[in-house]
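Take a look at the structure below.
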Amino acid sequence: MNKPISVATEAKEGSMTLSSQGLANAWYTEESLWKRERDHVVATTWAGLGFSCDIPNVGDTTPVSFMGLPLLMLRDEGGNIRVFHNVCSHRGMQLVVEPGNKGLMLRCPYHRWGYDLGGQLKATPNIGGMGVHEVPGFDCLDHGLKEVRCEESMGIVFINLSGDAPALVQHLQPMLDRWQALAGPEFDQRLTADCETGRLELTVDSNYKLAIENYCEAYHLPFIHPDLNTYSPLSDHYNLIVEPLASGQGTRTYDLTRGNQAPLPAFPDWSQAQMKTGEYLSLYPNVLLGIQADHFFAIILLPEAANKTRERLQLMYAGEAALGEQYAERRQNLLEAWSIVFAEDVSVVEGMQRGRASPGFSGGVFSPVLDIPTQHFHNWFSQRLPDQ
Ligand code: FES
Ligand SMILES: [Fe+2]
């Protein structure tokens, strides 16, 4: 297949051409392209896998399917999050099937081989026959779990499957620079996740890229989010490009006190002149982020199939104080307000997915003004594909 690229490389308003095409349908519909996409586009950068608060305690373990790869995420004895390929070294059984606390030893459900939380093989019951647990020439050190590089930022666990991307903080720096200027130099350290009540999950019948694309433009706001558009209208939005890793949009009129409720504690260094600023970035390849003066959210898009994506939302706040009981109703209202917005987007990402079954569509065109962030994502994707 030819490299199905969008030809524009400039993201500045007015500099794109309407003749630019988006990615070919096959990148949204063909399971056969997944491996190529995973290995060249996704594996070589940092992708979101889960949230730190999925596994708060030592021994907490959760399986995650990521683009066909069975992975597991756990918290080790030192309190660090680790990610491993979720496969037993013996006969390749999926090691962890359900989330939960496994104590200090992961036991394979098949023949009960045991691994510690650092992935080392520690027990091989009956490997030499009944009651014989060791055999000459077999060294457990050679048969541990295969680890996947992971790091945390903003309450999100990121993985780098290739193992050779720059450090996560270095990778995220252009985005952190922007938001540190807005929310204060330590905003990312202050983020406190509402692990108990600030979560949401939904599954959409769509390729994960369409969720990235839909999130990074505000063009659809008046038609798909009519209520949001009343207090944060399209006319007050601006495009955002954070080279080379993200694109999206921002608003100057997000209303913190909507509904006459007292706002939550804001980031202490947030500029007073920008209290109504909200910014929304699609962090490539699979994380959606939103920042406002008094809250933050992340959505991880877990691609389950070419046409199916699990979306996981986590709300976060500017410090522990915001988790106080006096703010419980406000937090609940926020979750409900965002739930409505994200539910409104489901029909369009699923509709775009259905459209990609049509030979009458081959990448479409871009608005030279309002689709700039979407086109930036297409360029990012295309540039990561190797030449045929
Ligand atoms: S496959 Fe895991 S112990 Fe046999
Ligand atoms: Fe939307």
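Tabulated values for the structure
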{"item": "Qualifying residue in segment 129-145 (condition: within 28 Å of the chain's Cα centre (by Cα), surrounded by 18 or more Cβ atoms within 10 Å (Cβ to Cβ) and away from ligand 1 (no atom under 14 Å from the Cβ))", "result": "no"}
{"item": "Where a residue in segment 172-185 is more than 20 Å from Ala273 (Cα to Cα) and modelled with pLDDT of 95 or more and its partner, wherever it lies, is hydroxyl-bearing (Ser, Thr, Tyr) and not in a helix (DSSP H, G or I), with Cβ under 7 Å and at least six apart", "result": "Leu172/Ser153"}
{"item": "Test: residue in segment 92-102 that is within 13 Å of ligand 1 (Cβ to nearest atom) and either on the phi > 0 side of the Ramachandran plot or not aliphatic (A, V, I, L, M) (or both)", "result": "yes"}
{"item": "Close pairs from segment 352-376: first in a loop (DSSP other than H, G, I, E, B), partner exposed (fewer than 15 other Cβ atoms within 10 Å of the Cβ) and not hydroxyl-bearing (Ser, Thr, Tyr), Cβ under 8 Å, at least 6 apart", "result": "Phe361/Gly355; Val365/Leu18; Phe366/Leu18; Pro368/Glu13; Pro368/Gly14; Pro368/Leu18; Val369/Glu13; Val369/Gly14"}
{"item": "Test: residue in segment 365-388 that is modelled with pLDDT of 95 or more, surrounded by 16 or more Cβ atoms within 10 Å (Cβ to Cβ), under 30 Å from Pro268 (Cβ atoms) and within 17 Å of the chain's Cα centre (by Cα)", "result": "no"}
{"item": "Some residue of segment 144-152 being touching a Pro at 6+ places or on another chain (Cβ under 9 Å) and in contact (Cβ under 8 Å) with a residue 60 or more places away in the chain", "result": "no"}
{"item": "Enumerated helices (runs of 4 or more DSSP H) restricted to segment 187-267, each holding at least 3 residues that are surrounded by 22 or more Cβ atoms within 10 Å (Cβ to Cβ)", "result": "208-215"}
{"item": "Filter result for Asp205 (of a type in the set (D, E, K, R) and outside the structural domain of Tyr284 (by TED's automatic domain parsing))", "result": "no"}
{"item": "Segments classed as strands (runs of 3 or more DSSP E), wholly inside segment 98-167, with at least 3 members that are under 25 Å from Leu302 (Cα atoms) and at pLDDT 95 or above", "result": "147-153, 156-160"}
{"item": "Filter result for the condition that a residue is within 16 Å of ligand 2 (Cβ to nearest atom) and under 20 Å from Lys209 (Cβ atoms), over Pro359, Pro386, Pro373", "result": "Pro373"}
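Table: residues versus (1) modelled with pLDDT of 95 or more; (2) part of a strand (DSSP E or B); (3) among the β-branched types (Val, Ile, Thr); (4) closer than 20 Å to Asn214 by Cβ.
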site	(1), (2), (3), (4)
Glu10	no, no, no, no
Trp27	yes, no, no, yes
Leu33	no, no, no, no
Thr45	yes, no, yes, no
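The values are calculated or read from the model by the stated rules, or taken from the named source; none is laboratory data. Here the structure is a predicted model, which is why all the values come from computation and not from measurement. Please note: Cβ atoms are built from the backbone with ideal geometry, for glycine as well, and neighbour counts cover all protein chains shown.
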